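Read through the structure below, which is laid out as C-alpha cells, and then see the notes.
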Amino acid sequence: MKEKIFFVGITSVYPDIEIIDKEVSTSLVSIAFDKEKLEAIRRSRNISVNSITKKIGISRSRYYRWLDNEIDLPYNLLIGIQKILVLTDLEMHELFSQPTDEIIQKTSLLAFYSLNLCRNVCYELRDSLQKHRNTTMKNDPYSLLIKFSELCALYTDVQDISLYSDKFTDVMDIIFIRDEWTIVDIIMLITMAYMAPKRFSKFLPELYVSICQPSIIVSLNQKIFFLYDILCIAVRLKNRELTWKILKKMTVLDSQVTDWKAKNICLLCHTLMKHWSDKKPLHNEFDNILDMTLSFESVTYEQKMFELIKSYANLS
C-alpha cells in the first residue's frame, strides 16, 4: 500500500496550499513570453502586423496591447502566430521563459494532492486541463502539465506503478530535452522521485545540481526546502555520496537563511553532519530540534523529520 508523502518544497511555494483555489484559470497564456524576440523574428521574415492580425482574427490595437503586456492572448492565437511565422516547436518553446503563478500553482496542486493520495482532487485537476489537449506544440507548457496530471491521477488510483510506467516517460521526455529547468520542472521531478525513488535515483544528483544553480528562479528558502526533499529521498535510498553533498550545501546556505523553518532544517543538517561517522547522535540533540518543529503546528513536518532521523541512523 502507498503511504501519504509530505512534499516540503511545495509548502515553501504555497504555505496555505490546502486552502488555495483549485479552479485556476488556464484559458489565457500568462506565461512569461519573449515578445521582443517574437517581434524581431516577425520583422526579419518581412511579415506585417496587419498580416498576422488579419489571419488570427484580432485588431492591431489588441495585438499591440498584448505586446505592451496590457492583456493576455488565448493560447490558440499564439499557435496561430507560430504557424504564420513558421516557427518550429523548439523555436516557439524558446520564446517561453519562467512560468508564472498560473502554471506553478496547477503543478503544485497536482504534486501535493497526488502524494497525499487525494484521488478525486487529482482527477478534477486533470479534467480541468483537457481544453488544452489539442495543442500541436510538443514543448508547450500545457502539454507537459497535461501529461503530469495524467501521471498524478493514475498514481492515486493504481497501486502497481509498472502499469503506468509510460506516463513517467512521457513527462521525462519533455523535461530532459531542455537546457535549463524551471521551478515547474523541479516540482515535477521531485514528485516523481517521491513516487518511484529507485527509478529516479540516477537523476537525483542532476536534480540536486540544478536546484543549486543561480539560474533557477527560486528563493533561498525554497531552495532549502527542495533540497530537504531530495535529502529525504537520498537517505531513504542510502545514497551516501548525495546525502553528504546536500548536508554540506545546507551548512553553507545556513548563514544566509532568515526563515525560522528553514533555519530548523539547516540545524538538523548540521547535527546529521556532525554525526556522519557514528550515526548515533545524542537523543537530546534531536529532541531539541523536534521540539522546535512542534512550533510549526504541523504534525506532517514533525513526522517527516522524525522519519529522516530514523532512516539516517540506518545509512550504511
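Every read-out reported here was derived from the displayed coordinates using simple, explicitly stated rules and does not represent laboratory data. All of these numbers come straight from a predicted model, not from anything done at the bench. Here the Cβ is made from the backbone with ideal geometry for all residues, glycine too, and neighbour counts use every protein chain on show.
One table, with the values for the structure above:
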{"quantity": "Placed amide H near Leu73: partners under 5 Å, 5+ positions off or other chain", "calculated": "Val29"}
{"quantity": "Cut-off 14 Å between beta-carbons: net charge of the residues surrounding Lys167, Lys and Arg +1, Asp and Glu -1", "calculated": "-3"}
{"quantity": "Angle between the chain longest axis and helix 141-157 axis [Cα atoms, degrees, rounded to 10]", "calculated": "40"}
{"quantity": "Rel. contact order, % - alpha carbon contacts under 8 angstrom, at least six apart, the chain", "calculated": "18"}
{"quantity": "Environment charge of Leu290, counting only residues whose C-beta is closer than 13 Å and scoring Lys/Arg +1, Asp/Glu -1", "calculated": "-3"}
{"quantity": "Anchor Lys83: lysines whose Cα lies under 17 Å away (excluding residues fewer than 8 positions away in-chain)", "calculated": "Lys35, Lys37, Lys54, Lys55, Lys138"}
{"quantity": "Entries of Lys106/Lys167; Lys198/Lys223; Lys2/Lys249; Lys238/Lys263; Lys2/Lys263 with Cα pairs more than 26 Å apart", "calculated": "Lys2/Lys249; Lys2/Lys263"}
{"quantity": "In Hz, Karplus ³J(HN,Hα) per residue of region 253-260 (6.51, -1.76, 1.60; θ = phi - 60°; x = Gly, Pro)", "calculated": "6, 3, 5, 9, 7, 10, 5, 5"}
{"quantity": "For Lys248, net neighbour charge (Lys/Arg +1, Asp/Glu -1) across residues whose Cβ lies under 14 Å away", "calculated": "+2"}
